[in-house]
Amino acid sequence: MYKKLFIPGPTHVRDEILQAQAAPMIGHRAKEYSDLQAQVTPKLQEMLHTRQRVYLFASSSTGVMEGSVRQASLKKVLCTVCGAFSKRWYEITVANGVPCDKLEVPMGEAITPALVDKALSSGEYDAIAVVYNETSTGIMNPVPEIAALAHEKYPDVLILVDAVSCMAGKDILFDEWGLDVCLAGVQKCFALPAGLTVCAVSDRAMERARQVPNRGYYFDFVEQDKYYQKNQTPATPAISLIQALNVQLDAILAEGTAEREARHREMAEIVRAWAKKNFGLYGDEDYLSVTVTNIANTRGISVGDLNKELGKRGAMISNGYGALKENCFRIAHMGDLQVSDIEWLLCQIDDILGLA
């Protein structure tokens with residue numbers, strides 16, 4: 001049975017977007033592909049409020065995270081950890097032999113500018129990696145404030161941002177905030193099928209990359225940029241997904257980036273109010289995500305059983321992640337979901353659990 005996905009990725013994909021992938025195949029070295037990328041790039045730049053480069057990689061976001069840490073540092077990377085997915089920054093950096101340290105807070109808490117300030121004050125670091133939206137906990141880190149601090153006091157520190165579960169849902173001002181790398185897979189707030197990652201890269205990051213030996217091959221920004229200037233990619237791009245992205249970007253820009261964030265916030269507020277009434281919210285309420293809400297299972301329900309019943313009605317939510325399984329459950333409100341979809345879902349849960 002078809003299920004509408006209320007999970008933090010992959011998300012529900014509209015029929016129009018699915019159909020856009022069925023456009024005839026084109027050669028990736030042909031003019032037709034260059035014309036396609038030439039259409040997509042300025043739309044991505046407009047969405048991210050940047051005049052700098054925005055690359056496309058046929059990869060999951062994890063691959064681009066790995067490529068980023070390989071070419072961002074000549075000294076040491078500060079990896080900030082506040083949950084399962086931010087921990088990935090640290091694991092990737094260690095696995096690649098790049099010198100790094102971990103700045104970690106308990107799950108449910110945010111990485112604050114004060115914590116970052118204290119860590120960066122040692123002078124050991126020339127890059128910091130942070131997750132904007134920690135999917136496992138439902139916490140949104142204050143990236144603009146962290147970036148402002150870094151630019152004011154530590155101008156040589158590059159700012160690497162995993163925006164996987166909030167880009168295209170949360171308005172990101174790449175140039176104004178002074179970010180250096182900001183990446184996201186398209187299977188979440190972009191509401192596209194999985195398999196493509198968008199990555200904005202600053203001039204500062206490019207300058208640093210040119211100084212780093214052994215940048216790797218597939219994700220090398222310097223090599224990527226040579227082809228980018230010709231509206232190409234070094235390796236074969238995910239052509240069908242980029243065709244779908246082109247159509248979806250038209251819809252995103254027509255809605256407006258600020259308006260799109262406002263819709264996500266409205267859905268988040270509805271879910272939060274429902275959660276407070278019937279369960280509880282997990283984590284620091286000063287830093288709650290606008291794209292996914294993590295709900296404390298104060299009633300001790302079987303989240304697995306709830307999801308089975310929801311499946312019979314054509315919906316799917318997420319259990320708690322890792323150690324939070326069955327102790328929490330997550331409702332995503334991202335992508336092309338509307339307020340009416342969220343209201344319908346909550347009515348179904350009310351009916352199943354006898355909360356109405």
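The table below gives the values:
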| read-out | value |
| --- | --- |
| Cα centroid of region 223-296 to Cα centroid of region 303-356, whole Å | 19 |
| Relative contact order computed over the chain (Cα-Cα under 8 Å; 6+ residues apart), in percent | 25 |
| Packing-based exposure ordering (other Cβ within 10 Å, fewest first) of H12, H333, H49 | H49, H12, H333 |
| Estimated [θ] at 222 nm from DSSP helical runs (n ≥ 4, -39500 (n - 2.57)) normalised by residues in the chain, nearest 500 | -12500 deg cm²/dmol |
| Distance between region 167-215 and region 1-65 - C-alpha centres, whole angstrom | 14 |
| Cross-link pairs K87/K325; K31/K226; K43/K76; K43/K230; K4/K308; K3/K43 - those with Cα-Cα distance over 24 Å | K43/K76; K3/K43 |
| Sorted by Cβ neighbour density within 10 Å, fewest at the top, the residues S59, S340 | S340, S59 |
| Antiparallel %, DSSP beta bridges [both residues in the chain], to 5 | 50 |
| Listed residue pairs exceeding 28 Å between alpha carbons, taken from K118/K188; K102/K153; K277/K312 | K118/K188 |
| Ranked packing of 207-219, 182-194, most packed first, by mean Cβ within 10 Å | 182-194, 207-219 |
| Pairs of Cα atoms farther than 30 Å apart, region 15-254, % | 22 |
| Extension reserve of the D225-N327 stretch, reckoned as 0.36 nm per residue once the Cα distance is removed | 32.2 nm |
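Coordinate-derived values only; no laboratory data. Please read these numbers as outputs of a predicted model, since none were measured by experiment. With ideal geometry, Cβ positions are generated from the backbone for all residues, glycine too; neighbour counts draw on all protein chains shown.
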